[in-house]
Each structure stands twice: as C-alpha cells, then as structure tokens.
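Peer 1: Would you mind keeping the following structure in view while I ask a few things?
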Amino acid sequence: MPQIPAANDPKALRQAVLEHMHMGMTNQTILAEEGGPLLMESAEGIYITDVEGNRYIDGISGMGFRNVGHGREEIAKAIYDQLNSVSMNVYSGATPKTIQLAAKLAEIAPGDLSRTFFCQGGSEANESALKMAQAYHVRRGDAGRHKIISRYGSYHGSTYGTMWLGGHPGFPRTDYQPKPSNVVTVGQPLYYHDTYGSNSPEQNGERAAQEIEKTILFEGPESVSAVIGEPVSQPFGGVVPPANYWPMVREICDKYGVLLIFDEVITGFGRLGTWFGSDLVKVVPDIMAFAKGITSGYFPVGGAISTQKIADAFAGGPEKVWSHMYTYSAHPGGAAAAFANLEIIERENLVENARIRGEQLTDSLEEMKAKHPIIGDVRGVGLLQGIEFVKDRKTKEHFDPSLGVSKMVTDELRKRGVWIRSSLFILLIAPPFNITADEMDDFTTRIDEAFGAVERRLGIAA
Ligand SMILES: Cc1ncc(COP(=O)(O)O)c(C=O)c1O
C-alpha cells in the first residue's frame, strides 16, 4: 500500500517523488542519483530555503516567473480574500475582478492591444494566440491561412500545438512525431552564431528578417497565418535582436497580411527592464501571449491579448463566434493575484530596478567572459541574460555532452548557494526584480567562482 509521506519527513518525501511523480524533463533514475528534487520549505525575496536548511539564491526566478520575488504575503492575501467572496466563475459568467484586470491590461499593454482571452499558462497562451490568428483569417474569408512561421532557438510551450514551434536545445521533441505540417521554421538573429554570412549584427538582423519574407513567398502568402516569436528569446540566454529586425518583420507581415504574434510569456511584465518586450523592440504585435510574470507565479494565469481589429472579426452572429475555451479561464483568484502583483511592480518601481540591475549584471558577465576561457559569449538585457559555455572560443564548439559540463556548472553553483539548472551549453540568469545591488554582486561573484571551479575540474587554466 502506498504511504502518504509526512510533510516534515524529507527522506520519505523524496522516496515518494521517485515512486509517485512524473517530474517533467527528468526521471526517477536521474533524480535518485541527484539525491532527489529540491524540497522548498520557505522563500523570501531572492532566496529559497530547503527542508534541510540550505539557502539558495533563486537565480532563475523559479522558471522566469517570480518577478516580484518570493514571500509576498499581500498577493497570498489578495487571493485568499477573493476566494472567500467569489471563488470561481460559472460558464458564460465573468467576475468583476477579472473584468477589471482585462481593462488594466488594456491600459498597460503596448499600442492598441486591448482585448484579452485568459487561460492558465504560457503554452495555453500561445495555443490561444495561434487559434485566434487562424480563426481571424477564416472570419475574413481567408480560410487557407493555416501556416505558422516560428524561429529556431525559441520556446513556446510543450502542448501538442506549441511544442514543435521554435527549437530549444534542451527540449528534444523526437518522441512526438510527426511535426505538424503547418509549422514552418526559420532562423533568428544571433550574430555570435551567424548563419547568414553577415558582417554585422544589423546585417544579421536584416537577413533573418529577409528569410521570413522569402519563406512567406515560398510557402505562398495566402497560406500563412502568423509569425510567432519572443521579442527577446530565452533558450539561448536572452537573445536580443538588432534594432532593425522586429520593425522589418512587422513590415513584412503587414505586406503579406500575416499576423505577428509576440510570445511575451517570459519578457512580459518587466523582465527586460521595460514593461513589455514590445516596448523594448518598438514594435506592437497583433496578438501578445503572456503568463508567468502577470502573477509572478502566485497563481497560474496566462492570456492572449489582441488588437480591436482582430477582436472585431469575432463580432456579429453566432457564425462569427471564436470557438475556444478552457474551464478555468479568467479565474478570479488569478485576477486578484495579478492585481496585487502589478501593484507591487508599480509601487516598488521594479521594472526600473530590473533595468538597472540588468546593467550591473551585464557588466559582471562581461568581466567573467574576459576571465574565463570556457565562456564563449554572454548576452541578454534586463534580468534575462545568459552565458554560453564552449570548448573552444575560436570555433565556438561546445563540450561533448558525455563530459557532463552542464552538470558540473549546476553542481558548482549549488555548492555556492545558487539555484539554477544549466541546460546543455547555456546558463540562463534571470533573478527576481527586487534583487539589490549588493545581492547582485554576491550572486555574480558566486557564478564567477563556480565557472572557475568548473575550469579547474576540466583542467583548463583561467
Ligand atoms: C517564452 C515562453 N513561452 C512559453 C512558455 C510555456 O509556458 P508554460 O510552461 O507556462 O506552459 C515558456 C515557459 O518557459 C516560455 O519561456
């Protein structure tokens, strides 16, 4: 008979994880070797403490969501108060809190993005955006527009409808065949790994945008629904495109009647030091998907916000209705969490703090790059940055995975009290926005020392 482990018994909890849970992206064998998952007991600000009393800096904000930091009682209380009055919608109903949140989003979202469909997370937000785009074309008499252009080095989710978009080095999809025939993949600008023979980041951006135009023409514009991308993409550690890229893509989309979807699941609500990635790259999409930072992960909320032009396609008789829904859409508890979270971001000036601390982080990463031969490149903006580690700086070749360098990086960070799981050759760095200057210094010193230790283990002199 399975035993329910006591909450204060780490050993039994770890054993029960191995027996009773599917932990995504790992398995029971690996977990057992690693001594089990982190069992969080408490968290405050940028720190998390496990049941054994080990304290770590949360270097990736949970998973890019904990924008306002841990331990925010006022968000917990807002959720409690909301659930104590109205705890959930009924079918075809809407609660005042969620309606207010939709209006608030219309106020803070870029350009004329003003109508939101709510869901629970990032994958669903992108699913909703893609379905909205296709249904929009159908309502306008363009039923043939069903293809989606996405970019290598992007991540848009793990549902059947989103997993084949983009391409994440740490997220193989080979089990899930076939790749949907409506998904078309192109490159994105990353000058460090330029594949276009460019001689500057701007040319790299221009050629990447041109690839989108060529692809639209090759596929036939009348068959293309949307281009989807993150303003700054996460899998390669905060890939910031040159300033010409997104404006060119916007123009190309407009030229061929293709919609532009921004996946702001990670960049939304301040992570880049601007409210939205859209503000940073100075382009407004037709639809923007969001999740994570809207509640800082205190309640699962996502959504897709569109312009009125898109929304108007669904106005009219029953045949115009956009057929899409989830049971838990527009949960009032999530709306209450979002309001409390946005209030904290505004009151504590956290978007500005993300920008300033981001500059401090960039300076430290540049210093580390000058010092550590295995650091090939550092990149990113605001509090979405990363380190790419390489075997050979000249050829940019990565270490053979059998050497386990990414595990070494993870382990050395952990020994120094930093919680980030490194992917194959990228260390993503994305702490909460309320990190102070001193905490950032401490955090980057620990990263620096961890890379020194990895180099010693590899017999490479710093
Ligand atoms: C840019 C981006 N889009 C979509 C997703 C998927 O979000 P979720 O895991 O909430 O479904 C993520 C998650 O990391 C993401 O970073």
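Peer 1: Based solely on its DSSP helices, what 222 nm [θ] is calculated for the chain when runs of n ≥ 4 H residues each add -39,500 (n - 2.57) and the sum is averaged over all residues, nearest 500 deg cm²/dmol?
Peer 2: Numbers: 14 runs with 178 residues, N = 462.
It lands at -12000 deg cm²/dmol.
Peer 1: Just grab the label-to-label distance for residue 415 and residue 80, each label 7 Å out from Cα along the Cβ direction, in nm (one decimal).
Peer 2: 4.2 nm
Peer 1: May I pose another question? Output the Kirkwood hydrodynamic radius of region 73-347, Cα pairs only, in Å rounded to one decimal. Don't jump to the answer; show the numbers that get you there.
Peer 2: Working: mean 1/r = 0.0524 Å⁻¹.
Over region 73-347, the inverse of the mean reciprocal pair distance is 19.1 Å.
Peer 1: How much area per residue is accessible in the chain when the probe is 1.4 Å and only protein heavy atoms are counted (Å²)?
Peer 2: Values: 20370 Å² over 462 residues.
Accessible area per residue: 44 Å².
Peer 1: List the trypsin sites (Lys or Arg not before Pro) in region 377-462 that DSSP assigns to loop (not H, G, I, E or B) and whose Cβ has at most 15 other Cβ atoms within 10 Å. Which are they?
Peer 2: Values: sites: 379, 391, 393, 394, 396, 407, 414, 415, 416, 421, 446, 456, 457; in loops: 391, 393, 394, 396, 416, 421.
Here the trypsin sites (Lys or Arg not before Pro) that fit, given the DSSP loop and packing criteria, are 393, 394, 396.
Peer 1: Which of rounded, prolate, oblate describes region 255-333, given a ≥ b ≥ c as roots of the alpha-carbon gyration tensor eigenvalues and a/c under 1.5 marking rounded, otherwise prolate only if a/b is larger than b/c?
Peer 2: Details: a/c = 3.07, a/b = 1.20, b/c = 2.56.
Oblate is the answer for region 255-333, as a/c is 1.5 or above yet b/c matches or exceeds a/b.
Peer 1: Excluding residue 32 itself, what net charge comes from residues whose Cβ is under 14 Å from its Cβ, given Lys and Arg +1 and Asp and Glu -1?
Peer 2: Working: positive: 11, 14; negative: 19, 33, 34.
Summing Lys and Arg as +1 and Asp and Glu as -1 gives -1.
Peer 1: More than 29 angstrom separation, counting every C-alpha pair in the chain; what % is that?
Peer 2: Values: 53074 of 106491 pairs.
The share of Cα pairs beyond 29 Å in the chain comes to 50 percent.
Peer 1: How much of the DSSP bridge set in region 73-347 is antiparallel, in percent, rounded to the nearest 5?
Peer 2: Roughly 45 percent of the beta bridges in region 73-347 run antiparallel, per DSSP.
Peer 1: Just for the chain, what percent of DSSP beta bridges are antiparallel, to the closest 5?
Peer 2: So the antiparallel bridges in the chain amount to around 65 percent.
Peer 1: A further question on this structure: Near residue 403, within a Cβ-to-Cβ distance under 15 Å, what is the net charge of the other residues, with Lys and Arg +1 and Asp and Glu -1?
Peer 2: Details: positive: 391, 407, 456, 457; negative: 392, 397, 400, 411, 412, 455.
Net charge around residue 403: -2.
Peer 1: Pick out, from 39, 56, 13, the residue whose Cα sits farthest towards the positive end of the charge dipole of region 1-58, with +1 on the Cβ of Lys and Arg and -1 on the Cβ of Asp and Glu.
Peer 2: Final value for the positive-end residue is 13.
Peer 1: Given +1 on the Cβ of Lys and Arg, -1 on the Cβ of Asp and Glu, and no further charges, what dipole in debye does the chain carry about its Cα centre, rounded to the nearest 20?
Peer 2: 800 debye
Peer 1: A further question on this structure: By Kyte-Doolittle mean hydropathy of at least -0.5 and Cα axial length of at least 20 Å, which whole DSSP H helices of the chain are selected? List each step's numbers first, then the result.
Peer 2: Details: long enough: 122-139 (25 Å, -0.66); 201-219 (27 Å, -1.05); 332-347 (22 Å, 0.45); 350-371 (31 Å, -0.80); 437-458 (32 Å, -0.65).
Going by DSSP H runs, the hits are 332-347.
Peer 1: With each label point set 7 Å from Cα along the Cα-Cβ vector, what nm distance links residue 243 and residue 174?
Peer 2: Taking the simple label geometry, residue 243 and residue 174 are separated by 4.3 nm.
Peer 1: Per Stokes-Einstein, at 20 °C and 1.002 mPa s, what whole-number D in µm² s⁻¹ belongs to region 259-301, with the Kirkwood radius over Cα pairs as the hydrodynamic radius? List each step's numbers first, then the result.
Peer 2: Details: Rh = 10.4 Å.
Translational diffusion coefficient: 205 µm²/s.
Peer 1: To continue, here is another question. Take the alpha carbon atoms of region 25-57, find their center, do the same for region 272-319, and report the distance between the two centers in whole angstrom.
Peer 2: 33 Å
Peer 1: Between 362, 93, 450, whose Cα lies farthest towards the positive end of the dipole of the chain when Lys and Arg beta carbons carry +1 and Asp and Glu beta carbons carry -1, centred on the Cα centre?
Peer 2: Positive-end residue among those listed: 93.
Peer 1: With a 1.4 Å probe and all protein chains left in place, how much of the accessible area of region 73-347 comes from carbon and sulfur atoms, in whole percent? If you can, show how the numbers build up before the last one.
Peer 2: On the way: 6110 of 11130 Å².
Answer for region 73-347 is 55 percent, counting heavy atoms of protein chains only.
Peer 1: Now a separate question. Taking 0.36 nm per residue of separation and subtracting the Cα-Cα distance, what length does fully extending residue 453 through residue 108 add?
Peer 2: Numbers: separation 345, 0.36 × 345 = 124.20 nm, distance 4.43 nm.
The span from residue 453 to residue 108 would gain 119.8 nm if fully extended.
Peer 1: For region 126-256, what log10 I(q)/I(0) values come out of the Debye formula at q = 0.20 1/Å, with one point per alpha carbon and no solvent?
Peer 2: So the normalised log intensities work out to -1.22.
Peer 1: For residue 371, go through the lysines and keep the ones whose alpha-carbon is under 28 Å away, minus same-chain ones fewer than eight residues off.
Peer 2: 391, 394, 396, 407, 415
Peer 1: How large is Rg over Rh for region 309-462, taking Rg from the Cα atoms and Rh as the Kirkwood inverse mean of 1/r across Cα pairs? Don't skip to the end; give the middle numbers.
Peer 2: Numbers: Rg = 21.5 Å, Rh = 18.4 Å.
Using only Cα positions, Rg/Rh for region 309-462 is 1.17.
The values are calculated or read from the model by the stated rules, or taken from the named source; none is laboratory data. Bear in mind that the values here come from a model prediction, so they are computed numbers and not experimental data. Neighbour counts run over all protein chains shown; Cβ positions are idealised from the backbone, glycine included. Note: areas computed on protein heavy atoms with side chains; ligands, DNA, RNA excluded. Shrake-Rupley method; radii C 1.70, N 1.55, O 1.52, S 1.80 Å.
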